[in-house]
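The values are calculated or read from the model by the stated rules, or taken from the named source; none is laboratory data. On a predicted model such as this, the values are computed, not experimentally measured, just so you know. Reconstructed Cβ throughout: ideal geometry from the backbone, glycine too, with neighbour counts over all protein chains shown. Protein only, heavy atoms only, side chains kept; ligands, DNA and RNA dropped before computing areas. Shrake-Rupley method; radii C 1.70, N 1.55, O 1.52, S 1.80 Å.
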Amino acid sequence: MSKLRMGVIGAGLWGNNHAHTFNVLPETELAGVCDLDEGRALKMKESFGAELAFTDYEKLINSDSIDAVSVATPDFTHTPIVLAALKADKHVLSEKPLATTVKEAEEIAEAAAKSKGKLMVDFHNRVNPILAQVRDMIQNGEIGLARHGSARLSNTTYVPFEMLSWAKKSSALWFLGSHLVDVLRFILADEVERVYAVARSGTLAKGGVDTKDFHSSILEFSKGTVVTMENSWILSKDNPSLVDFKIEFVGEKGQVQADPTHNGGLRRIVDGGLRYNDYIGISPTGETRIGGFVLESIARFVDSVVRGAPLLADAGDGLANTRILAAIEESVATGKAVTVG
């Protein structure tokens, strides 16, 4: 059986996760890589043993040596790359969010419906073991109907100031809220009908990153659940983890609380103070296996293409996600509640 020949577009942190996964799974081979920075593209090519390296994503997509592509570029750059790949009938794995405007997300969804290629959005928290258990508890009725909840996914200032060179072109809402909105839809198996949100600026702008400091949102779901959601990029760097992730639901018969931020069984104290290490997101494995939900999500894309397994999240999920985030932005701009869709 021939292997699925993968091309990875974007040679940053997450692109390297994709490259590693495709380099390890027995069903795939990393055939090509692409990055605007030729040096980064060549470094990834050499690190993972890819045959081809490009600086033009269209050349990678149109190469006869590529069967499918993964898009691991910044939030706001996905649309033209995904559309080009779907037009070429290539299978596509896109990082979240699928697009940063509703019009673009609709265009992608239409192209996905016409393409011979499959499109999956990498909402990897759908296979986060903690959150998968929360979904099971909710869907099995263990707390009855979820009446209200709170959800927080935020970063320390390290992310916008030091980790992301393109932070000013995004925000905590698009970078983090895209994950959180999908997790809430996934756990509740429900759709957001209306949102109300506020945001503030100032702290990041003073440091040279002109984007919103945080968004605070209220999401009303069709079955009646109301969730307050926070996405911030101004948490102190003194936090033990650069991610702060918490979810709680209060139901008719009980409550469920989740803290996927870290696992307290492993702690280290260094010059910066207390730090937590992640040992669920990526875990050690043998040479022909991957471990952890972050890489498992990427492998689910391969399962779908090679074995016909259901997509973890499809174009419809990506479109719904973008509609909700766009409605939150509209609510911030108008000061009014906004109906989604």
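Taking the criterion of being more than 16 Å from TRP14 (Cβ to Cβ) and either free of Cβ contacts under 8 Å to residues at least 12 places away in the same chain or not polar (S, T, N, Q) (or both), the residues of region 163-172 that qualify are LYS168, LYS169, ALA172. Return yes when ALA68 is closer than 19 Å to GLY177 by Cβ and touching a residue at least 12 places away in the same chain (Cβ under 8 Å) and no when it is not. The answer is no for ALA68. Of the numbered criteria (1) open to solvent by 60 Å² or more (accessible area, probe 1.4 Å); (2) assigned to a strand (DSSP E or B), the one MET120 fails is (1). Inclusion of LYS103 among residues that are basic (Lys, Arg) and either touching a Pro at 6+ places or on another chain (Cβ under 9 Å) or without any contact (Cβ under 8 Å) to a residue 24 or more places away in the chain (or both) is warranted.
Taken over region 1-24, residues that are over 15 Å from the mean Cα position of the chain (by Cα), assigned to a loop (DSSP other than H, G, I, E, B) and surrounded by 19 or more Cβ atoms within 10 Å (Cβ to Cβ) amount to 1.
Which of the residues spanning region 155-189 are of a type in the set (A, V, I, L, M), touching a strand residue (DSSP E or B) at 6+ places or on another chain (Cβ under 9 Å) and within 26 Å of GLY224 (Cβ to Cβ)? Selection gives LEU173, LEU176, LEU180, VAL181, VAL183, LEU184, ILE187, LEU188. Filtered by the rule that a residue be surrounded by 19 or more Cβ atoms within 10 Å (Cβ to Cβ) and either of a type in the set (Gly, Ala, Ser) or part of a strand (DSSP E or B) (or both), region 257-280 gives a lone residue, ALA258.
Would you confirm, using the coordinates I've provided, whether ARG135 is closer than 25 Å to SER241 by Cα, part of a helix (DSSP H, G or I) and open to solvent by 40 Å² or more (accessible area, probe 1.4 Å)?
yes
Annotation: of all residues in region 43-93 being in contact with a Lys or Arg (Cβ under 7 Å, 6 or more places away or on another chain) and charged (D, E, K, R), the one that is surrounded by the fewest Cβ atoms within 10 Å (Cβ to Cβ) is ASP89.
The residues of region 315-334 that are in contact (Cβ under 8 Å) with a residue 12 or more places away in the chain, farther than 14 Å from GLU106 by Cα and open to solvent by 30 Å² or more (accessible area, probe 1.4 Å), listed by number, are GLU329, VAL332. Considering region 86-117, and only residues there that are part of a helix (DSSP H, G or I) and of a type in the set (Lys, Arg), the residue that is farthest from GLY308 (Cα to Cα) turns out to be LYS103. With respect to (1) under 23 Å from ASP136 (Cβ atoms); (2) open to solvent by less than 10 Å² (accessible area, probe 1.4 Å); (3) touching a Leu at 6+ places or on another chain (Cβ under 9 Å); (4) in a helix (DSSP H, G or I), the lone exception for ASP182 is condition (3). GLY39 falls short on exactly one of the conditions (1) small (Gly, Ala, Ser); (2) at pLDDT 95 or above; (3) closer than 14 Å to SER70 by Cα, and that condition is (3).
Quick one: in region 206-251, which of the residues that are of a type in the set (A, V, I, L, M) and under 13 Å from VAL181 (Cα atoms) is surrounded by the fewest Cβ atoms within 10 Å (Cβ to Cβ)?
Per the stated criteria, the residue is VAL226.
Just to be sure, is ARG147 in contact (Cβ under 8 Å) with a residue 12 or more places away in the chain, open to solvent by 60 Å² or more (accessible area, probe 1.4 Å) and out of contact with any helix residue (DSSP H, G or I) (no Cβ under 9 Å at 6 or more places or on another chain)?
Working: in contact (Cβ under 8 Å) with a residue 12 or more places away in the chain: yes; open to solvent by 60 Å² or more (accessible area, probe 1.4 Å): yes; out of contact with any helix residue (DSSP H, G or I) (no Cβ under 9 Å at 6 or more places or on another chain): yes.
Against the criterion (in contact (Cβ under 8 Å) with a residue 12 or more places away in the chain, open to solvent by 60 Å² or more (accessible area, probe 1.4 Å) and out of contact with any helix residue (DSSP H, G or I) (no Cβ under 9 Å at 6 or more places or on another chain)), ARG147 qualifies.
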